[in-house]
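J.: Next up is a structure, given as structure tokens.
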Amino acid sequence: MIAYLDPNTAFRFLSPIAGRRKRDRAVAMYTIEKGVHGEQEIQMLGSLMDGMIEFKVENLNTFLAVRGISDVQSRAFIRYSATKQGVNIGSFSLDHIR
């Protein structure tokens with residue numbers, strides 16, 4: 001949506017939608033990609049959210065970091081891998097996630 005609208009218009013459009021989801025105690029997920037969108041756009045849209053999960057790839061290794069959502073052991077980037085059998089996060093295995 002941001003690719004087709006200026007960031008301010010997208011913000012004005014998403015603001016009441018995100019507010020309604022919070023009031024309903026619903027979970028909503030929005031995706032945005034760094035490099036395609038500027039840091040200012042990401043921060044502006046991130047301000048509407050309760051938190052975010054940030055992903056990155058370095059040297060063919062995948063990492064995630066939890067920002068602002070609930071209580072977590074670490075807000076640093078943690079290595080993860082996904083297989084057909086489950087998701088391995090750091091030293092934990094979450095086989096029940098498919």
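J.: If you scan segment 18-33, which residues turn out to be outside any loop (DSSP other than H, G, I, E, B) and surrounded by 12 or more Cβ atoms within 10 Å (Cβ to Cβ)?
T.: Filtering segment 18-33 for residues outside any loop (DSSP other than H, G, I, E, B) gives 18-23.
Listed by number, the residues that qualify are 18, 21, 22.
J.: Confirm whether residue 2 is touching a His at 6+ places or on another chain (Cβ under 9 Å), hydrophobic (A, V, I, L, M, F, W, C) and assigned to a loop (DSSP other than H, G, I, E, B). Explain how you work it out, then say what you get.
T.: Values: touching a His at 6+ places or on another chain (Cβ under 9 Å): yes; hydrophobic (A, V, I, L, M, F, W, C): yes; assigned to a loop (DSSP other than H, G, I, E, B): yes.
Criteria met by residue 2.
J.: Another question, then. Can you tell me how many residues in segment 21-66 are over 23 Å from residue 1 (Cα atoms) and not assigned by TED's automatic domain parsing to the domain that holds residue 11? Reasoning before the result, please.
T.: Filtering segment 21-66 for residues over 23 Å from residue 1 (Cα atoms) gives 23-25, 57-66.
Filter again for not assigned by TED's automatic domain parsing to the domain that holds residue 11, leaving 57-66.
Total meeting the criteria: 10.
J.: Still on this model: Output the qualifying pairs, or none if there are none: Cβ atoms under 9 angstrom, residues six or more apart or on different chains, first residue in segment 1-23 and more than 14 Å from residue 41 (Cα to Cα), second residue small (Gly, Ala, Ser) and surrounded by 11 or more Cβ atoms within 10 Å (Cβ to Cβ).
T.: Going by the 9 Å Cβ cut-off, the qualifying pairs are 17/28; 18/28; 21/28; 22/28.
The values are calculated or read from the model by the stated rules, or taken from the named source; none is laboratory data. Keep in mind that this is a model prediction, so the values were computed, not measured. In this analysis, Cβ positions are derived from the backbone assuming ideal geometry, glycine residues included, and neighbour counts consider all displayed protein chains.
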